[in-house]
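Below is one structure, written out as C-alpha cells; the observations come after it.
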Amino acid sequence: MYVHIGKDVVINSNNIISVLDIGVLEKKKNLQEVLQNLKISDKIIDVSDGNKKSLIIIQKNNQTFGYITNISTTTLAKRAGKEGKK
C-alpha cells in the first residue's frame, strides 16, 4: 500500500520504519541531533512547506531516509491503515 505524505509524494508503507512527531522531538531533544544519531541528517527530504509535523523514517534498497511532512502522525497512521492495530 502507498501512503500520500504531502505535495505529490507517496511512499510504500512497507518501507516505513517509524513515524515520529516533530513537536515531541523538538521538546525533548534537538531535532538535528536526532537526525545525526540516526545517520540520516544528509538524507532528509522536506515536503512540509515550512509546517513541520512529522518525521517519517523509511528504509529502501538498504538505505535509510527521512521525510519531513506537514501531516500529523495520526493522519499518516490512518492513511497507512495502521491506526488502532496492536
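Some observations on this one:
- Evaluation of Gly66 against (1) free of Cβ contacts under 8 Å to residues at least 60 places away in the same chain; (2) part of a helix (DSSP H, G or I) (one fails), failing number: (2)
- Note on segment 41-63: residues that are surrounded by 17 or more Cβ atoms within 10 Å (Cβ to Cβ), assigned to a loop (DSSP other than H, G, I, E, B) and of a type in the set (Ser, Thr, Tyr) total 1.
- Residues in segment 53-63 that are on the phi < 0 side of the Ramachandran plot and over 10 Å from the mean Cα position of the chain (by Cα): Gln59, Lys60, Gln63.
- Number of the condition not met by Thr74 [criteria: (1) exposed (fewer than 14 other Cβ atoms within 10 Å of the Cβ); (2) in contact with a helix residue (DSSP H, G or I) (Cβ under 9 Å, 6 or more places away or on another chain); (3) among the hydroxyl-bearing types (Ser, Thr, Tyr)]: (2)
- The residue of segment 12-41 that is nearest to the chain's Cα centre (by Cα), among those that are more than 12 Å from Ser54 (Cβ to Cβ) and at pLDDT 85 or above, is Ile17.
The values are calculated or read from the model by the stated rules, or taken from the named source; none is laboratory data. Since we're looking at a predicted model, the values are computed, not measured. As a convention, Cβ positions derive from the backbone with ideal geometry for all residues, glycine included, and neighbour counts pool all protein chains shown.
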